[in-house]
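Peer 1: Sending over a structure as structure tokens; questions will come in a sec.
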Amino acid sequence: MSDPRDPAPYDALLLLSFGGPEGPDDVVPFLENVTRGRGIPKERLKEVGQHYFLFGGVSPINDQCRALLAALREDFAGAGLDLPVHWGNRNWAPYLTDTLREMVLDGRRHIAVLATSAYASYSGCRQYRENLADALATLEAEGLPLPRVDKLRHYFNHPGFVEPMIEGVLKSLSELDESVRADAHLAFTTHSIPVSAADTSGPVEGHGEGGAYVRQHLDVARLIAEAVRERTGVDHPWRLVYQSRSGAPHIPWLEPDICDHLEELHKEGAPAVVMVPIGFVSDHMEVLYDLDTEATAKAAELGLPVRRSATVGSDPRFAAAVRDLLLERAATERGAAVERCALGALGPSHDLCPVGCCPARAERPAAAGADSPYA
């Protein structure tokens, strides 16, 4: 009988994230990394960077990754899972390529990858796969042996991701004055992306009408709203809304924006709102600024009581979910039958991104998918 704690064939886990500046001098170079190839002038990047300068030029995302890294290591050790966990970023130190190089030099050859994005989209999945392909190409050019990298499936509907958010909503509701609590609305928020990118998110057969990106978020929002109703006896009105739009005005992006939604709710007489950032794994800059600063200021201007519920962050249940995803994929790679854990109507996501899944803006190789140039 196989050991359920057996991570084979994997010999390491890589936590792959976005990265962020850790001081004022880092802000513009970080934004240059994020926008590389788009020809954005440095002066414009300084304007964009004002969100970071409001917080001393420090994004909280790196510290949050450190906390998750520690939580994963603690969970693995407590479960008797002997597997090293490493961390690399797309846009700031520790850079993905440097981390992969260290792992290869340390003898790692089959690496499971957890991206800090739970949903299907170009920027949340395929772009990370492109980053992995770029890093592997660099290692190949350096003459290093190439590891196999397997990206773990989307975890938006895993209980270890959903349950902490349910508790976060319940806590936020409890913080509202009793006179407005029962009629409070839930505003489930996620990152706005171009409508064209949303429509082509996920496998080809599901493209159109927001694609997998919108469907997955709606499923999570419904799960949380139903759980809140079951535990409180109150059916709170809810809607999926968006934030953090950054594109040109003439390009359609997903709407409504959270601030526009707050204004509409105020006009309709909603007594209070809980903002639920289901699209974000941790309280990084787009949560701290777009929700805690901008949207909260809009609510105050309207006289609308508002609370923002917690993201999952380094919650032990999320760390345990990552372990579950890793061991599930490991057993699958060994040819074992696996019961996959997923809530809601959509079921567990695919292991291997199929051809045409979340297509690139321009043709670029992507690792850890059916179209990967690296077996």
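Peer 1: Which residue, of 93, 71, is assigned to a helix (DSSP H, G or I), surrounded by fewer than 22 Cβ atoms within 10 Å (Cβ to Cβ) and not charged (D, E, K, R)?
Peer 2: 71
Peer 1: Okay, next question. Going by what's in this entry, would residue 87 be described as in a strand (DSSP E or B) and either open to solvent by 10 Å² or more (accessible area, probe 1.4 Å) or more than 14 Å from residue 12 (Cα to Cα) (or both)?
Peer 2: yes
Peer 1: Can you give me the number of residues within segment 133-166 that are in a helix (DSSP H, G or I) and either within 25 Å of residue 259 (Cβ to Cβ) or in contact (Cβ under 8 Å) with a residue 24 or more places away in the chain (or both)?
Peer 2: 15
Peer 1: I want to confirm something. Restricting to segment 7-66 and keeping residues that are among the β-branched types (Val, Ile, Thr) and open to solvent by 30 Å² or more (accessible area, probe 1.4 Å), which single residue is farthest from residue 247 (Cα to Cα)?
Peer 2: Result: 58.
Peer 1: Let me ask something additional. Output the residue which, of all residues in segment 187-230 that are β-branched (Val, Ile, Thr) and assigned to a helix (DSSP H, G or I), is nearest to residue 253 (Cα to Cα).
Peer 2: 195
Peer 1: Looking only at residues in segment 196-216 that are touching an Asp or Glu at 6+ places or on another chain (Cβ under 9 Å) and open to solvent by 30 Å² or more (accessible area, probe 1.4 Å), which one is nearest to residue 258 (Cα to Cα)?
Peer 2: Among residues in segment 196-216 that are touching an Asp or Glu at 6+ places or on another chain (Cβ under 9 Å) and open to solvent by 30 Å² or more (accessible area, probe 1.4 Å), the one nearest to residue 258 (Cα to Cα) is 215.
Peer 1: Taking residue 147 as meeting all but one of (1) closer than 30 Å to residue 224 by Cβ; (2) touching a His at 6+ places or on another chain (Cβ under 7 Å), write down the number of the exception.
Peer 2: Tallying (1) closer than 30 Å to residue 224 by Cβ; (2) touching a His at 6+ places or on another chain (Cβ under 7 Å), residue 147 fails exactly one: (1).
Peer 1: So is residue 78 exposed (fewer than 13 other Cβ atoms within 10 Å of the Cβ), more than 23 Å from the chain's Cα centre (by Cα) and within 30 Å of residue 325 (Cα to Cα) or not?
Peer 2: For residue 78, the condition - exposed (fewer than 13 other Cβ atoms within 10 Å of the Cβ), more than 23 Å from the chain's Cα centre (by Cα) and within 30 Å of residue 325 (Cα to Cα) - is met.
Peer 1: Of everything in segment 264-292 that's small (Gly, Ala, Ser) and more than 23 Å from the chain's Cα centre (by Cα), which residue is farthest from residue 305 (Cα to Cα)?
Peer 2: 269
Peer 1: Got a number for residues in segment 129-184 being of a type in the set (Lys, Arg), crowded, with 17+ Cβ neighbours inside 10 Å and farther than 30 Å from residue 91 by Cα? Break it down stepwise before answering.
Peer 2: From segment 129-184, those of a type in the set (Lys, Arg) are 129, 148, 151, 153, 171, 181; that's our starting set.
Next, only the ones that are crowded, with 17+ Cβ neighbours inside 10 Å stay: 129, 148, 151, 153, 181.
Still in the running and farther than 30 Å from residue 91 by Cα: 181.
Count: 1.
Peer 1: Now for a separate question. Could you check, for segment 97-119, whether at least one of its residues is surrounded by fewer than 21 Cβ atoms within 10 Å (Cβ to Cβ), among the aromatic types (Phe, Trp, Tyr), touching a residue at least 40 places away in the same chain (Cβ under 8 Å) and in a loop (DSSP other than H, G, I, E, B)?
Peer 2: no
Peer 1: Identify the residue in segment 2-60 that is small (Gly, Ala, Ser) and out of contact with any strand residue (DSSP E or B) (no Cβ under 9 Å at 6 or more places or on another chain) and, among all such residues, is modelled with the lowest pLDDT.
Peer 2: The extreme case among them is 2.
Peer 1: For residue 191, indicate whether it is in contact with a strand residue (DSSP E or B) (Cβ under 7 Å, 6 or more places away or on another chain), under 30 Å from residue 355 (Cβ atoms) and open to solvent by less than 10 Å² (accessible area, probe 1.4 Å).
Peer 2: no
The values are calculated or read from the model by the stated rules, or taken from the named source; none is laboratory data. Everything numeric here is computed off the predicted structure, so don't read it as measured data. No Cβ is skipped: glycine too gets one built from the backbone with ideal geometry, and neighbour counts run over all protein chains shown. These accessible areas exclude ligands, DNA and RNA; they are computed on the full protein's heavy atoms, side chains included. Shrake-Rupley method; radii C 1.70, N 1.55, O 1.52, S 1.80 Å.
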